[in-house]
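FYI, it's all coordinate maths here, none of it is from the lab. Quantities reported herein were computed from a predicted structural model and do not represent experimental measurements. Please note: Cβ atoms are built from the backbone with ideal geometry, for glycine as well, and neighbour counts cover all protein chains shown.
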Amino acid sequence: MKLIIHGGFFSESSTSLETKIAKQEALKRILLNSYDFLESHSALETVIYAVEQLEDDLLFNAGIGSQIQSDGKIRMSASVMDGSSKKFSGVINIENVKNPIRVAERLMSYDDRVLGGEGAIKFARDNDFAEFNPEIPQRRLEFEEKLKSLGTGTVGCVALDKTGKIAAATSTGGKGFEMPGRISDSATTAGNYANEFCGISCTGVGEDIVSGAVATKIGIRMSDGFEIGAAVEKTFKELAEFDGFAGAIVLDAKGNFYHQDSHPSMVFASYDGEKFEVFR
Ligand code: ASP
């Protein structure tokens with residue numbers, strides 16, 4: 001069993017030591033808690049469980065504490081992919097729900113599995129997801145002062161369970177100040193992907209991640225026989241050709257972890273039952 005989670009990017013210049021430590025502690029708590037859960041649940045159930053907790057933590061830009069868009073509203077995106085069945089489901093630009101990842105999970109059993117905007121909101125209400133405002137005062141203040149929210153981050157998780165199955169989940173509050181209608185990478189296979197060889201969750205500039213098809217390329221390279229490091233490095237080399245800004249966490253079926261970032265450093269933590277690693 002292996003588990004890796006992320007909470008977006010970290011920039012030494014814009015994050016206080018206090019926030020850095022708080023993020024390290026939050027990731028550790030959520031990772032260990034989710035690893036316990038993985039003992040008796042599938043990879044698919046566990047990535048959703050972990051991402052739900054990351055959404056609920058105000059330190060991260062997903063669910064509660066999401067960024068505010070240019071028209072003053074919060075719109076969130078989240079997706080999940082099951083590496084064994086290859087099913088992908090997600091919500092794009094959903095509003096007023098507490099846990100977008102749970103709505104994505106609910107969509108797994110439908111034929112129409114990726115819903116956007118009004119359709120996603122209606123689906124959530126029809127399925128008893130209560131109205132919930134994910135805004136926190138700090139984000140409103142940053143929005144009013146036209147400040148980019150510093151130090152928040154998209155969240156994600158990749159798990160490998162006892163049966164060797166892999167799943168990946170990703171959730172975001174977006175980049176902040178975006179045009180209403182913008183589609184980020186988080187609920188696309190460029191930002192979140194899993195197959196029987198590996199699982200990948202990305203963070204960074206959504207447009208760059210989509211242009212670079214980051215998660216998809218890593219997944220395809222690994223299914224074509226690349227080792228984890230070579231698959232990630234080649235994909236990030238291609239991203240660098242257009243100065244793309246992205247980070248990814250990757251876990252393969254052999255149990256290898258990998259993380260890579262194009263610019264600053266990723267906020268991540270991994271655990272294999274013995275060795276715990278967290279970003280520094
Ligand atoms: N990828 C997200 C987006 O572009 C933002 C992030 O990862 O911080 O919406």
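Of note:
- Overall form of the chain per C-alpha gyration tensor (a/c, 1.5; a/b vs b/c): rounded
- At most 13 other Cβ within 10 Å, DSSP loop - GluC sites (Glu not before Pro), the stretch 214-280: Glu241, Glu274
- For the chain, hydrophobic long helices are taken as DSSP H runs at least 24 Å long by C-alpha position along their axis with mean Kyte-Doolittle hydropathy of -1.0 or more; these are 17-39.
- Kirkwood hydrodynamic radius (C-alpha pairs) into Stokes-Einstein, the stretch 27-148, 37 °C and 0.692 mPa s, D in µm²/s: 217
- Ile249, Ile101 arranged by Cβ crowding within 10 Å, fewest neighbours leading: Ile249, Ile101
- Exposure proxy for Ile68, Ile21, Ile94: other Cβ atoms within 10 Å of each Cβ, ordered fewest to most, give Ile21, Ile68, Ile94.
- Cβ crowding within 10 Å, taken as a proxy for footprinting-reagent exposure, orders Tyr110, Tyr35 from fewest neighbours to most as Tyr110, Tyr35.
- Greater than 26 Å apart at Cα, pairs in Lys86/Lys234; Lys23/Lys162; Lys20/Lys122; Lys28/Lys122; Lys217/Lys254: Lys23/Lys162; Lys20/Lys122; Lys28/Lys122
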